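For reference, the structure is listed below as C-alpha coordinates.
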Amino acid sequence: MKQRELTVVLCIIWAVSLLYGEMFAYWVPSLWACSWPHHHLNSKPTMDEVGYSTDYVKVVVLTDPQLMDKTSLGLAPKSLALEIAQFYADLFMRRAFFSSIVPFKPDVILFLGDYFDGGPYLSDEEWQESLSRFKHIFGLNAQGRYKNIPVYYVPGNHDIGYASLHYQRPEVIKRYENEFGMRNYQFTVGKVDFIAIDAQTLDDKQRSGRPQEDLASLTWNFVKNVSMDVQLNPRVLLTHIPLYRQDWTSCGPHRGSPVINQRVSRAVDSQEVAYQNYVFEESSNRLLELIKPVLILSGHDHDQCTVSHNSKFGPIKEQTVGTISWQMGNLYPSFMLLSASNFTLPNASHPEEAISTHLCFLPMQTHIYIWYLSLFVLTLLALLLWPTSGLSVWNHCSNLIVSCNIFGGGTKEKNEDENCEYEMIWDAEGSMHLVKKALNAPIANLSERGLVESRGNAVMRPTAKKHISEDREASMNVDLGADVDSMLKMTTRTSKSKTKIVIQRLVRTFRMLTIIAAVNLPLYMMLLFKDWID
(Lines give C-alpha, C1' and ligand atoms only; values in the text may rest on other atoms or scores of the structure.)
Protein backbone atom coordinates (compact mmCIF):
# COMPACT_ATOMS: atom_id res chain seq x y z
CA MET A 1 0.00 0.00 0.00
CA LYS A 2 1.54 3.27 -1.14
CA GLN A 3 1.01 6.81 0.13
CA ARG A 4 -1.85 7.57 -2.23
CA GLU A 5 -3.65 4.38 -1.32
CA LEU A 6 -3.12 5.11 2.39
CA THR A 7 -4.61 8.58 1.97
CA VAL A 8 -7.67 7.16 0.21
CA VAL A 9 -8.19 4.57 2.95
CA LEU A 10 -7.92 7.21 5.69
CA CYS A 11 -10.37 9.46 3.85
CA ILE A 12 -12.88 6.62 3.69
CA ILE A 13 -12.43 5.79 7.39
CA TRP A 14 -12.96 9.42 8.36
CA ALA A 15 -16.03 9.77 6.14
CA VAL A 16 -17.63 6.62 7.58
CA SER A 17 -16.85 7.79 11.13
CA LEU A 18 -18.39 11.21 10.54
CA LEU A 19 -21.49 9.80 8.89
CA TYR A 20 -22.07 7.45 11.81
CA GLY A 21 -21.20 9.88 14.61
CA GLU A 22 -23.13 12.81 13.16
CA MET A 23 -26.10 11.05 11.60
CA PHE A 24 -26.46 7.24 11.65
CA ALA A 25 -26.02 6.92 15.44
CA TYR A 26 -29.20 8.97 15.98
CA TRP A 27 -31.20 6.57 13.81
CA VAL A 28 -30.40 3.57 16.00
CA PRO A 29 -33.12 4.15 18.69
CA SER A 30 -35.99 4.38 16.24
CA LEU A 31 -34.74 1.65 13.86
CA TRP A 32 -33.41 -1.07 16.16
CA ALA A 33 -32.92 -0.24 19.84
CA CYS A 34 -36.35 0.99 20.97
CA SER A 35 -40.07 0.65 20.30
CA TRP A 36 -43.42 1.50 21.82
CA PRO A 37 -44.19 -0.78 24.77
CA HIS A 38 -47.72 -1.59 23.57
CA HIS A 39 -46.24 -3.22 20.48
CA HIS A 40 -45.03 -6.06 22.69
CA LEU A 41 -48.48 -6.84 24.08
CA ASN A 42 -50.26 -9.95 22.88
CA SER A 43 -53.60 -8.27 22.28
CA LYS A 44 -54.48 -7.39 18.71
CA PRO A 45 -54.65 -3.58 18.33
CA THR A 46 -57.66 -1.76 16.91
CA MET A 47 -56.86 0.30 13.81
CA ASP A 48 -58.44 3.48 12.52
CA GLU A 49 -59.04 4.35 8.87
CA VAL A 50 -55.44 5.46 8.37
CA GLY A 51 -54.07 2.27 9.91
CA TYR A 52 -52.85 3.60 13.25
CA SER A 53 -53.51 1.80 16.51
CA THR A 54 -56.31 3.41 18.54
CA ASP A 55 -55.91 1.26 21.66
CA TYR A 56 -53.05 3.34 23.05
CA VAL A 57 -51.95 6.97 23.04
CA LYS A 58 -48.21 7.42 22.52
CA VAL A 59 -46.45 9.77 24.95
CA VAL A 60 -42.76 10.77 24.85
CA VAL A 61 -41.27 11.81 28.21
CA LEU A 62 -38.23 14.14 28.28
CA THR A 63 -36.49 15.88 31.15
CA ASP A 64 -33.58 18.09 32.19
CA PRO A 65 -32.35 19.61 28.92
CA GLN A 66 -30.94 22.34 31.20
CA LEU A 67 -29.76 24.69 28.47
CA MET A 68 -26.30 26.00 29.27
CA ASP A 69 -25.89 29.69 30.07
CA LYS A 70 -23.56 32.02 31.95
CA THR A 71 -24.17 30.13 35.20
CA SER A 72 -23.17 26.72 33.83
CA LEU A 73 -19.38 26.68 33.49
CA GLY A 74 -18.34 29.94 35.09
CA LEU A 75 -17.42 31.34 31.67
CA ALA A 76 -17.95 34.93 30.66
CA PRO A 77 -21.27 35.62 28.90
CA LYS A 78 -20.97 35.68 25.10
CA SER A 79 -17.43 34.24 25.29
CA LEU A 80 -16.29 31.95 22.48
CA ALA A 81 -15.82 28.98 24.81
CA LEU A 82 -19.36 29.34 26.17
CA GLU A 83 -20.81 29.76 22.69
CA ILE A 84 -19.11 26.57 21.47
CA ALA A 85 -20.26 24.58 24.52
CA GLN A 86 -23.82 25.84 24.06
CA PHE A 87 -23.82 25.05 20.35
CA TYR A 88 -22.73 21.43 20.72
CA ALA A 89 -25.03 20.78 23.68
CA ASP A 90 -28.00 22.27 21.82
CA LEU A 91 -27.09 20.46 18.59
CA PHE A 92 -27.04 17.07 20.33
CA MET A 93 -30.53 17.61 21.80
CA ARG A 94 -31.94 18.88 18.52
CA ARG A 95 -30.55 15.87 16.67
CA ALA A 96 -31.82 13.55 19.39
CA PHE A 97 -35.29 15.06 19.17
CA PHE A 98 -35.68 15.17 15.39
CA SER A 99 -33.72 12.02 14.46
CA SER A 100 -34.33 9.72 17.45
CA ILE A 101 -37.66 10.80 18.97
CA VAL A 102 -39.86 12.34 16.28
CA PRO A 103 -39.62 9.20 14.03
CA PHE A 104 -41.66 7.41 16.73
CA LYS A 105 -44.56 9.74 15.82
CA PRO A 106 -45.67 10.56 19.38
CA ASP A 107 -49.18 11.85 20.09
CA VAL A 108 -48.09 13.81 23.20
CA ILE A 109 -44.78 15.26 24.44
CA LEU A 110 -44.20 15.62 28.18
CA PHE A 111 -41.36 17.62 29.77
CA LEU A 112 -40.48 17.00 33.43
CA GLY A 113 -38.67 20.25 34.19
CA ASP A 114 -35.29 22.02 34.21
CA TYR A 115 -35.49 23.62 30.78
CA PHE A 116 -32.84 26.20 31.73
CA ASP A 117 -29.71 25.93 33.83
CA GLY A 118 -29.71 29.24 35.63
CA GLY A 119 -33.33 30.19 34.96
CA PRO A 120 -34.07 32.07 38.23
CA TYR A 121 -30.85 34.10 37.95
CA LEU A 122 -31.17 35.21 34.33
CA SER A 123 -32.34 38.65 33.36
CA ASP A 124 -35.51 38.91 31.31
CA GLU A 125 -33.47 39.39 28.13
CA GLU A 126 -31.22 36.40 28.88
CA TRP A 127 -34.22 34.29 29.84
CA GLN A 128 -35.97 35.08 26.56
CA GLU A 129 -32.81 34.17 24.65
CA SER A 130 -32.65 30.79 26.40
CA LEU A 131 -36.36 30.29 25.73
CA SER A 132 -35.81 30.89 22.00
CA ARG A 133 -33.05 28.27 22.02
CA PHE A 134 -35.36 25.82 23.82
CA LYS A 135 -38.10 26.30 21.24
CA HIS A 136 -35.63 25.96 18.38
CA ILE A 137 -34.15 22.71 19.75
CA PHE A 138 -37.51 21.00 20.19
CA GLY A 139 -39.33 22.49 17.21
CA LEU A 140 -41.72 24.57 19.33
CA ASN A 141 -41.22 27.89 17.56
CA ALA A 142 -43.22 29.31 14.70
CA GLN A 143 -41.09 27.43 12.16
CA GLY A 144 -41.36 24.16 14.07
CA ARG A 145 -42.49 21.23 11.96
CA TYR A 146 -44.08 19.44 14.93
CA LYS A 147 -45.75 22.31 16.77
CA ASN A 148 -49.19 20.67 16.46
CA ILE A 149 -48.26 17.93 18.96
CA PRO A 150 -49.68 18.69 22.45
CA VAL A 151 -46.88 19.54 24.88
CA TYR A 152 -47.13 19.54 28.69
CA TYR A 153 -44.62 21.02 31.13
CA VAL A 154 -43.66 20.42 34.77
CA PRO A 155 -41.60 23.12 36.56
CA GLY A 156 -38.08 22.29 37.76
CA ASN A 157 -35.81 23.78 40.37
CA HIS A 158 -33.57 25.29 37.66
CA ASP A 159 -36.64 27.02 36.23
CA ILE A 160 -38.20 28.62 39.31
CA GLY A 161 -35.89 27.78 42.21
CA TYR A 162 -36.83 26.65 45.73
CA ALA A 163 -38.70 28.26 48.59
CA SER A 164 -35.76 30.44 49.64
CA LEU A 165 -35.98 32.22 46.28
CA HIS A 166 -39.75 32.35 45.73
CA TYR A 167 -40.41 35.18 48.16
CA GLN A 168 -37.36 37.15 47.16
CA ARG A 169 -38.05 37.08 43.42
CA PRO A 170 -41.73 36.45 42.73
CA GLU A 171 -41.25 37.59 39.12
CA VAL A 172 -39.49 34.28 38.42
CA ILE A 173 -42.75 32.40 39.05
CA LYS A 174 -44.76 34.86 36.95
CA ARG A 175 -42.61 34.71 33.84
CA TYR A 176 -42.55 30.92 34.00
CA GLU A 177 -46.36 30.71 34.22
CA ASN A 178 -46.77 33.27 31.42
CA GLU A 179 -44.81 31.04 29.07
CA PHE A 180 -45.38 27.45 30.25
CA GLY A 181 -48.73 27.71 32.02
CA MET A 182 -49.83 26.63 35.48
CA ARG A 183 -47.43 24.83 37.77
CA ASN A 184 -50.10 22.50 39.26
CA TYR A 185 -52.67 21.03 36.87
CA GLN A 186 -54.30 17.87 35.61
CA PHE A 187 -54.78 16.54 32.09
CA THR A 188 -56.03 13.31 30.55
CA VAL A 189 -54.38 11.26 27.79
CA GLY A 190 -56.52 8.43 26.53
CA LYS A 191 -58.03 6.83 29.62
CA VAL A 192 -55.18 7.87 31.96
CA ASP A 193 -55.09 10.98 34.20
CA PHE A 194 -51.78 12.81 34.64
CA ILE A 195 -51.32 14.93 37.79
CA ALA A 196 -48.53 17.54 37.46
CA ILE A 197 -47.36 19.26 40.65
CA ASP A 198 -44.75 21.87 41.58
CA ALA A 199 -42.49 19.72 43.77
CA GLN A 200 -40.27 22.69 44.65
CA THR A 201 -43.03 24.10 46.90
CA LEU A 202 -44.14 20.89 48.63
CA ASP A 203 -41.74 21.22 51.55
CA ASP A 204 -42.02 24.99 51.89
CA LYS A 205 -43.18 26.44 55.19
CA GLN A 206 -46.89 27.13 54.95
CA ARG A 207 -47.41 30.78 55.90
CA SER A 208 -50.68 31.60 57.62
CA GLY A 209 -52.40 34.87 56.87
CA ARG A 210 -51.26 35.05 53.26
CA PRO A 211 -52.91 32.11 51.45
CA GLN A 212 -52.90 33.90 48.15
CA GLU A 213 -49.13 34.23 48.32
CA ASP A 214 -48.41 30.91 50.01
CA LEU A 215 -47.08 28.71 47.24
CA ALA A 216 -46.98 25.62 49.42
CA SER A 217 -50.63 26.05 50.37
CA LEU A 218 -51.60 26.48 46.73
CA THR A 219 -49.88 23.21 45.81
CA TRP A 220 -51.38 21.22 48.67
CA ASN A 221 -54.85 22.67 48.04
CA PHE A 222 -54.58 21.45 44.45
CA VAL A 223 -53.57 17.97 45.66
CA LYS A 224 -56.53 17.87 48.08
CA ASN A 225 -58.96 18.86 45.32
CA VAL A 226 -57.62 16.08 43.12
CA SER A 227 -58.01 13.56 45.92
CA MET A 228 -61.68 14.50 46.33
CA ASP A 229 -62.47 13.93 42.67
CA VAL A 230 -64.03 10.64 41.71
CA GLN A 231 -61.21 8.52 40.35
CA LEU A 232 -62.43 7.04 37.09
CA ASN A 233 -59.06 6.51 35.40
CA PRO A 234 -55.62 5.33 36.55
CA ARG A 235 -53.40 8.21 37.65
CA VAL A 236 -49.79 9.07 36.91
CA LEU A 237 -48.06 11.52 39.26
CA LEU A 238 -45.64 13.93 37.54
CA THR A 239 -43.02 15.59 39.72
CA HIS A 240 -39.63 17.03 38.87
CA ILE A 241 -38.08 16.08 42.22
CA PRO A 242 -38.24 12.33 43.00
CA LEU A 243 -40.13 11.17 46.07
CA TYR A 244 -38.36 10.16 49.22
CA ARG A 245 -36.39 6.94 49.37
CA GLN A 246 -33.93 5.68 51.97
CA ASP A 247 -30.23 6.27 51.42
CA TRP A 248 -28.45 3.77 49.19
CA THR A 249 -31.69 2.49 47.71
CA SER A 250 -30.88 0.55 44.54
CA CYS A 251 -31.91 2.25 41.30
CA GLY A 252 -32.06 -0.83 39.10
CA PRO A 253 -29.96 -2.00 36.13
CA HIS A 254 -30.24 1.17 34.04
CA ARG A 255 -28.34 3.34 36.53
CA GLY A 256 -25.01 4.57 35.13
CA SER A 257 -23.63 6.51 38.12
CA PRO A 258 -23.53 6.00 41.90
CA VAL A 259 -26.79 6.44 43.79
CA ILE A 260 -27.34 9.95 45.18
CA ASN A 261 -28.64 10.14 48.73
CA GLN A 262 -30.81 12.83 50.26
CA ARG A 263 -29.09 16.19 50.62
CA VAL A 264 -30.87 19.28 51.91
CA SER A 265 -29.52 22.84 51.93
CA ARG A 266 -31.29 25.68 53.70
CA ALA A 267 -31.05 29.45 53.55
CA VAL A 268 -29.05 30.93 56.41
CA ASP A 269 -31.55 33.62 57.39
CA SER A 270 -34.96 31.98 56.87
CA GLN A 271 -33.98 28.30 57.07
CA GLU A 272 -36.11 27.68 53.98
CA VAL A 273 -35.18 24.98 51.51
CA ALA A 274 -32.48 26.06 49.06
CA TYR A 275 -31.84 22.62 47.54
CA GLN A 276 -32.99 19.02 47.99
CA ASN A 277 -32.45 15.76 46.13
CA TYR A 278 -35.79 14.19 47.15
CA VAL A 279 -39.12 15.31 48.49
CA PHE A 280 -39.28 14.92 52.27
CA GLU A 281 -40.62 11.63 53.61
CA GLU A 282 -43.75 13.15 55.17
CA SER A 283 -44.69 14.99 51.98
CA SER A 284 -44.04 11.89 49.85
CA ASN A 285 -46.31 9.68 51.97
CA ARG A 286 -49.02 12.33 51.92
CA LEU A 287 -48.89 12.59 48.13
CA LEU A 288 -49.19 8.82 47.70
CA GLU A 289 -52.12 8.70 50.10
CA LEU A 290 -54.08 11.56 48.51
CA ILE A 291 -53.42 11.01 44.78
CA LYS A 292 -53.21 7.18 44.74
CA PRO A 293 -51.10 6.98 41.56
CA VAL A 294 -50.26 3.75 39.78
CA LEU A 295 -47.01 5.24 38.43
CA ILE A 296 -44.71 8.16 39.32
CA LEU A 297 -42.53 9.91 36.77
CA SER A 298 -39.72 12.24 37.87
CA GLY A 299 -36.47 13.85 36.72
CA HIS A 300 -33.94 16.03 38.57
CA ASP A 301 -31.43 13.19 39.15
CA HIS A 302 -29.97 13.31 35.60
CA ASP A 303 -29.60 9.52 35.71
CA GLN A 304 -32.02 6.66 35.33
CA CYS A 305 -33.57 5.19 38.47
CA THR A 306 -36.43 2.78 39.15
CA VAL A 307 -37.66 2.30 42.73
CA SER A 308 -40.79 0.99 44.43
CA HIS A 309 -42.66 2.90 47.17
CA ASN A 310 -44.78 1.24 49.81
CA SER A 311 -48.21 2.76 50.38
CA LYS A 312 -51.53 1.81 51.96
CA PHE A 313 -52.73 0.71 48.52
CA GLY A 314 -49.74 -1.47 47.69
CA PRO A 315 -46.36 -0.91 45.99
CA ILE A 316 -46.10 1.99 43.55
CA LYS A 317 -43.31 2.17 40.98
CA GLU A 318 -41.42 5.42 40.36
CA GLN A 319 -39.33 5.87 37.25
CA THR A 320 -36.81 8.69 37.13
CA VAL A 321 -35.92 9.56 33.54
CA GLY A 322 -32.34 10.57 32.75
CA THR A 323 -31.37 13.88 31.20
CA ILE A 324 -31.58 14.30 27.45
CA SER A 325 -28.37 16.40 27.41
CA TRP A 326 -24.94 14.77 27.12
CA GLN A 327 -23.28 17.63 29.03
CA MET A 328 -25.29 17.13 32.23
CA GLY A 329 -23.08 14.41 33.71
CA ASN A 330 -24.79 11.37 32.18
CA LEU A 331 -22.84 9.39 29.60
CA TYR A 332 -26.06 7.65 28.55
CA PRO A 333 -28.74 10.31 27.88
CA SER A 334 -32.23 8.86 27.73
CA PHE A 335 -35.92 9.44 27.09
CA MET A 336 -39.04 7.39 27.75
CA LEU A 337 -41.78 5.99 25.56
CA LEU A 338 -45.09 5.66 27.41
CA SER A 339 -48.21 3.96 26.10
CA ALA A 340 -51.46 5.13 27.76
CA SER A 341 -54.50 2.94 27.19
CA ASN A 342 -57.32 4.43 25.18
CA PHE A 343 -59.95 2.05 26.50
CA THR A 344 -61.65 1.51 29.85
CA LEU A 345 -60.29 -1.45 31.75
CA PRO A 346 -62.65 -3.98 33.37
CA ASN A 347 -63.26 -3.45 37.07
CA ALA A 348 -61.44 -6.65 37.99
CA SER A 349 -58.29 -5.75 36.10
CA HIS A 350 -55.22 -4.07 37.55
CA PRO A 351 -55.10 -0.30 36.82
CA GLU A 352 -51.32 -0.34 36.25
CA GLU A 353 -51.96 -2.39 33.11
CA ALA A 354 -53.30 0.77 31.49
CA ILE A 355 -49.78 2.24 31.40
CA SER A 356 -46.62 0.70 30.02
CA THR A 357 -43.21 2.31 29.63
CA HIS A 358 -39.97 1.71 27.77
CA LEU A 359 -36.72 3.52 28.59
CA CYS A 360 -34.66 4.41 25.49
CA PHE A 361 -31.05 5.56 25.27
CA LEU A 362 -29.49 8.13 22.98
CA PRO A 363 -26.02 7.98 21.36
CA MET A 364 -23.05 8.31 23.71
CA GLN A 365 -21.70 11.60 22.40
CA THR A 366 -18.64 11.52 24.66
CA HIS A 367 -17.54 8.19 23.16
CA ILE A 368 -18.04 9.54 19.66
CA TYR A 369 -15.70 12.48 20.35
CA ILE A 370 -13.15 10.15 21.97
CA TRP A 371 -13.18 8.07 18.78
CA TYR A 372 -12.62 11.21 16.68
CA LEU A 373 -9.60 12.13 18.83
CA SER A 374 -8.19 8.58 18.69
CA LEU A 375 -8.66 8.45 14.92
CA PHE A 376 -6.82 11.77 14.54
CA VAL A 377 -3.84 10.43 16.53
CA LEU A 378 -3.82 7.20 14.49
CA THR A 379 -3.96 9.23 11.28
CA LEU A 380 -0.93 11.30 12.30
CA LEU A 381 1.08 8.21 13.26
CA ALA A 382 0.19 6.41 10.04
CA LEU A 383 1.19 9.36 7.87
CA LEU A 384 4.42 9.99 9.78
CA LEU A 385 5.66 6.40 10.08
CA TRP A 386 4.41 4.90 6.83
CA PRO A 387 7.38 3.82 4.61
CA THR A 388 8.04 5.96 1.59
CA SER A 389 8.08 2.93 -0.71
CA GLY A 390 4.87 1.66 0.86
CA LEU A 391 4.07 -1.79 2.13
CA SER A 392 3.26 -4.84 0.07
CA VAL A 393 1.81 -7.93 1.61
CA TRP A 394 2.93 -10.05 -1.36
CA ASN A 395 6.56 -8.96 -0.96
CA HIS A 396 6.48 -9.84 2.72
CA CYS A 397 5.03 -13.24 1.95
CA SER A 398 7.60 -14.00 -0.79
CA ASN A 399 10.48 -12.93 1.45
CA LEU A 400 9.12 -15.13 4.19
CA ILE A 401 8.96 -18.15 1.81
CA VAL A 402 12.55 -17.58 0.65
CA SER A 403 13.84 -17.34 4.21
CA CYS A 404 12.00 -20.54 5.12
CA ASN A 405 13.67 -22.36 2.21
CA ILE A 406 17.11 -21.18 3.28
CA PHE A 407 16.80 -22.15 6.90
CA GLY A 408 14.66 -25.20 6.34
CA GLY A 409 17.34 -27.40 4.71
CA GLY A 410 17.70 -25.76 1.33
CA THR A 411 21.03 -26.16 -0.60
CA LYS A 412 23.54 -23.39 -0.91
CA GLU A 413 26.71 -23.43 -3.04
CA LYS A 414 29.93 -23.26 -1.08
CA ASN A 415 32.14 -20.30 -1.70
CA GLU A 416 35.52 -21.45 -2.84
CA ASP A 417 37.26 -18.42 -1.37
CA GLU A 418 35.69 -18.93 2.03
CA ASN A 419 38.25 -19.25 4.87
CA CYS A 420 41.18 -18.59 2.45
CA GLU A 421 43.78 -15.89 1.79
CA TYR A 422 46.36 -15.24 -0.93
CA GLU A 423 50.07 -14.93 0.00
CA MET A 424 52.83 -13.34 -2.13
CA ILE A 425 55.83 -15.63 -2.66
CA TRP A 426 59.01 -14.95 -4.65
CA ASP A 427 60.98 -17.69 -6.35
CA ALA A 428 64.74 -17.90 -6.82
CA GLU A 429 64.62 -15.77 -9.95
CA GLY A 430 62.79 -12.95 -8.15
CA SER A 431 59.36 -13.58 -9.65
CA MET A 432 56.28 -13.11 -7.43
CA HIS A 433 53.52 -15.69 -7.20
CA LEU A 434 50.13 -15.70 -5.37
CA VAL A 435 49.47 -18.82 -3.41
CA LYS A 436 46.06 -19.58 -1.76
CA LYS A 437 46.38 -20.29 1.95
CA ALA A 438 43.68 -21.50 4.34
CA LEU A 439 42.83 -19.30 7.33
CA ASN A 440 43.02 -20.55 10.88
CA ALA A 441 45.09 -23.50 9.74
CA PRO A 442 46.55 -25.26 12.77
CA ILE A 443 50.30 -24.97 13.09
CA ALA A 444 51.78 -28.39 13.55
CA ASN A 445 55.28 -27.34 14.59
CA LEU A 446 56.80 -23.99 15.55
CA SER A 447 59.96 -24.94 13.68
CA GLU A 448 58.09 -24.60 10.45
CA ARG A 449 58.34 -20.83 10.88
CA GLY A 450 61.88 -20.78 9.63
CA LEU A 451 63.59 -17.90 7.96
CA VAL A 452 63.45 -19.82 4.70
CA GLU A 453 60.38 -21.76 3.55
CA SER A 454 60.24 -23.90 0.50
CA ARG A 455 57.23 -25.07 -1.44
CA GLY A 456 58.50 -27.09 -4.38
CA ASN A 457 61.25 -25.05 -5.95
CA ALA A 458 59.99 -21.65 -4.60
CA VAL A 459 61.90 -19.97 -1.75
CA MET A 460 60.69 -16.94 0.28
CA ARG A 461 63.42 -14.47 1.07
CA PRO A 462 63.66 -13.04 4.58
CA THR A 463 64.18 -9.58 3.17
CA ALA A 464 60.93 -9.89 1.22
CA LYS A 465 59.04 -10.49 4.45
CA LYS A 466 60.63 -7.41 5.96
CA HIS A 467 59.62 -5.25 3.01
CA ILE A 468 56.12 -6.67 3.07
CA SER A 469 55.65 -5.86 6.75
CA GLU A 470 56.92 -2.30 6.25
CA ASP A 471 54.62 -1.82 3.30
CA ARG A 472 51.69 -3.13 5.31
CA GLU A 473 52.40 -0.75 8.20
CA ALA A 474 52.59 2.21 5.87
CA SER A 475 49.41 1.23 4.09
CA MET A 476 47.66 0.78 7.43
CA ASN A 477 48.67 4.28 8.54
CA VAL A 478 47.44 5.76 5.28
CA ASP A 479 44.19 3.75 5.44
CA LEU A 480 43.62 4.76 9.06
CA GLY A 481 43.87 8.45 8.23
CA ALA A 482 41.59 7.97 5.24
CA ASP A 483 39.07 6.06 7.36
CA VAL A 484 38.87 8.87 9.95
CA ASP A 485 38.18 11.44 7.26
CA SER A 486 35.64 9.22 5.59
CA MET A 487 33.91 8.53 8.93
CA LEU A 488 33.61 12.24 9.66
CA LYS A 489 32.18 12.85 6.21
CA MET A 490 29.77 9.91 6.61
CA THR A 491 28.56 11.22 10.00
CA THR A 492 27.92 14.67 8.52
CA ARG A 493 26.10 13.16 5.55
CA THR A 494 24.04 10.89 7.83
CA SER A 495 22.90 13.78 10.03
CA LYS A 496 22.01 15.82 6.98
CA SER A 497 20.12 12.91 5.45
CA LYS A 498 18.16 12.29 8.68
CA THR A 499 17.18 15.95 8.89
CA LYS A 500 16.14 15.84 5.28
CA ILE A 501 14.06 12.69 5.88
CA VAL A 502 12.31 14.27 8.88
CA ILE A 503 11.49 17.40 6.89
CA GLN A 504 10.22 15.32 3.99
CA ARG A 505 8.04 13.23 6.32
CA LEU A 506 6.57 16.35 7.93
CA VAL A 507 5.85 17.93 4.54
CA ARG A 508 4.29 14.68 3.33
CA THR A 509 2.17 14.38 6.48
CA PHE A 510 0.93 17.95 6.14
CA ARG A 511 0.10 17.40 2.48
CA MET A 512 -1.84 14.21 3.19
CA LEU A 513 -3.65 15.80 6.15
CA THR A 514 -4.65 18.67 3.91
CA ILE A 515 -6.13 16.22 1.41
CA ILE A 516 -8.03 14.33 4.12
CA ALA A 517 -9.33 17.57 5.62
CA ALA A 518 -10.33 18.93 2.21
CA VAL A 519 -12.49 15.84 1.66
CA ASN A 520 -14.03 15.46 5.14
CA LEU A 521 -14.36 19.00 6.50
CA PRO A 522 -17.06 19.95 3.97
CA LEU A 523 -18.85 16.71 4.83
CA TYR A 524 -18.65 17.51 8.56
CA MET A 525 -19.90 21.07 8.10
CA MET A 526 -22.77 19.86 5.93
CA LEU A 527 -23.80 17.30 8.58
CA LEU A 528 -23.42 19.92 11.31
CA PHE A 529 -25.69 22.58 9.87
CA LYS A 530 -28.12 20.22 8.20
CA ASP A 531 -29.59 19.50 11.63
CA TRP A 532 -29.28 23.02 12.99
CA ILE A 533 -31.00 25.10 10.33
CA ASP A 534 -34.80 24.97 10.22
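The values are calculated or read from the model by the stated rules, or taken from the named source; none is laboratory data. Keep in mind it's a predicted model, so treat the numbers as computed, not measured. With ideal geometry, Cβ positions are generated from the backbone for all residues, glycine too; neighbour counts draw on all protein chains shown. Ligands, DNA and RNA are stripped out before the accessible areas are found, and what is left, the full protein with its side chains, is counted by its heavy atoms. Shrake-Rupley method; radii C 1.70, N 1.55, O 1.52, S 1.80 Å.
Couple of notes before you dig in:
- Cα-Cα over 19 Å, subset of 191/312; 105/292; 78/174; 58/105: 191/312; 105/292; 78/174
- log10 of Debye I(q)/I(0), alpha-carbon scatterers only, for segment 167-302 at 0.13, 0.17 Å⁻¹: -0.63, -1.06
- Shape call, segment 74-209: gyration tensor on alpha carbons, a/c limit 1.5: oblate
- Surface composition of segment 1-134: carbon and sulfur make up 61 percent of the accessible area, probe 1.4 Å.
- Restricting the calculation to Cα atoms, every distinct pair contributes to the Kirkwood radius of segment 215-372, found to be 17.5 Å.
- Based on the convex hull around the alpha carbon atoms, segment 243-293 presents an average projected area of 4.9 nm².
- Of every Cα-Cα pair in segment 154-203, the percent that sits beyond 19 Å: 28 percent
- Simple label model, 7 Å out from Cα along Cβ direction - residue 511 to residue 367, nm: 3.9 nm
- The mean accessible area for residues of segment 213-327, using a 1.4 Å probe and ignoring ligands and nucleic acids, is 45 Å² per residue.
- At R0 = 41 Å, FRET efficiency that the Cβ-Cβ distance of residue 32 and residue 169 yields, to 0.05: 0.30
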